[in-house]
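The structure appears below as structure tokens.
Any read-out appearing in this document is the output of simple, stated calculations on the displayed coordinates, not a laboratory observation. Just so it is clear, the structure is predicted and the values come from calculations on it, not from any experiment. Positions of Cβ are generated from backbone atoms using ideal geometry, with glycine treated the same way; all protein chains shown enter the neighbour counts.
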Amino acid sequence: MQLDRRTLLVAGAAAGAMPAQALALNAPGPGLPAGGKGASFPPSSPASALPDVSEVIDLWPGGVAPGLLRPLTEEIPDRMKPGEPHDRYMTGQSRPRMAVFRPRQPNGAAVLITPGGGYVRVVVDKEGYELARWLTERGFTAFVLFYRLPGGDEHGWDWASGADTPLCDAQRAMRLIRYHASAFGIEPNRVAAMGFSAGGHVCADLAARFGAQVYAPIDDVDRHSARPICAAPCYPVISMHLPVGHSQSRKQLLGPNTSQTFEDAHTPSQNLPADPPPHFLLHAEDDRTVNPLNTLMLRDALKAKGVRVETHLFEKGGHGFGLRGTVGLPVAIWPQLWLNWAHTIGLL
């Protein structure tokens, strides 16, 4: 069986029942064509690979996520313009998975990255791979999570877990990282979460509801805690209440038939536990997509709980800047600010 050199797959959830040293497996799975054009994979295919990744870990045994209600077709288009870097995103994923980036010299810490995309897609490069590479250059083991999209519309959700679907995957991902910590060369208690935009909602929801039972435990992986040591929701969607909430994310997550109670239940700032992890918050005040009030309402709720919070508001940056959108702006300093902060809360 021929495999692309960049397409080593790791059947991680299947390996959930295996010892850590047996984690890496070769498996078939096409990558993207060399030209960066989109590729689609049927839900019945093996866990499809992503370009520039040596390891991909399925979250669920056999790659089969629980509760699929209607067929999905995975696609990975590229919005790249001539002379610019890749700008890929994923839609229609029925096999949630993590792309693993290992550093040459591990520092023992890991970061779970949840990219944005308005719960319509999951960004690959701008808020995923680019951040992962930045982190590995500094010794972190990085995991980019391609979580399932809830798919809320007038017909309901794509998944039986409904609005909790992304959180199911985030919890499972944290537990898998800890279960296989020795194989990754990391310490189980030094796993952070970082997310952007709608992925910032996934990150904040995980930091708020890490202990909520949103899926039935299936193996020894689920004995581990899903609580991150710290969380960094960046320009995050927080509120599910209009007009502050991001309307597209709200619709895709909650579906059309919502209520005040349902909106409350999926607004992380209203669901903080007794022991939320420390938070690093980041937003640009000229963000016209996600209102900066989302970040401020989370900050206020965390402060009211006595949680350590580092908050950075920048005058300019817009929305979705990640790393590439910060060039020439003061907001370009944000990754170093996060790194400095990470030293103070025990991640490093």
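Points worth noting:
- Computed Rg/Rh of the stretch 213-263, alpha carbon atoms with Kirkwood Rh: 1.10
- Helical runs assigned H by DSSP (4 residues or longer) give the chain a calculated mean residue ellipticity at 222 nm of -6000 deg cm²/dmol, each run adding -39500 (n - 2.57) before division by the residue total.
- Inter-probe distance in nm under a simple model that places probes 7 Å from Cα toward Cβ, at Gln248 and Glu84: 1.5
- Environment charge at Lys316 (Cβ cut-off 9 Å; Lys +1, Arg +1, Asp -1, Glu -1): -3
- For the stretch 14-344, DSSP calls about 45 percent of its internal beta bridges antiparallel.
- Anisotropy class of the chain from Cα gyration tensor, a/c 1.5 cut: rounded
- Span from the the stretch 141-163 Cα centroid across to the the stretch 298-336 one, whole angstrom: 26
- For GluC sites (Glu not before Pro), the sites in the stretch 253-323 that DSSP calls loop and that have at most 14 other Cβ atoms within 10 Å are Glu285, Glu315.
- With a Cα cut-off of under 23 Å and a minimum spacing of 8 residues unless on different chains, the lysine pairs in the chain number 4.
- Under-5 Å amide H pairs with Thr311, H placed in peptide plane, nonlocal only: Leu281
- Among 131-138, 163-170, the peptide with the highest mean count of other Cβ atoms within 10 Å heads the list, and the full ranking is 163-170, 131-138.
- Order of Thr261, Thr344, Thr289 under a 10 Å beta carbon neighbour criterion, fewest first: Thr261, Thr344, Thr289
- Extension gain, Gln105-Lys316: 0.36 nm per intervening residue step, less the Cα-Cα distance, totals 72.5 nm.
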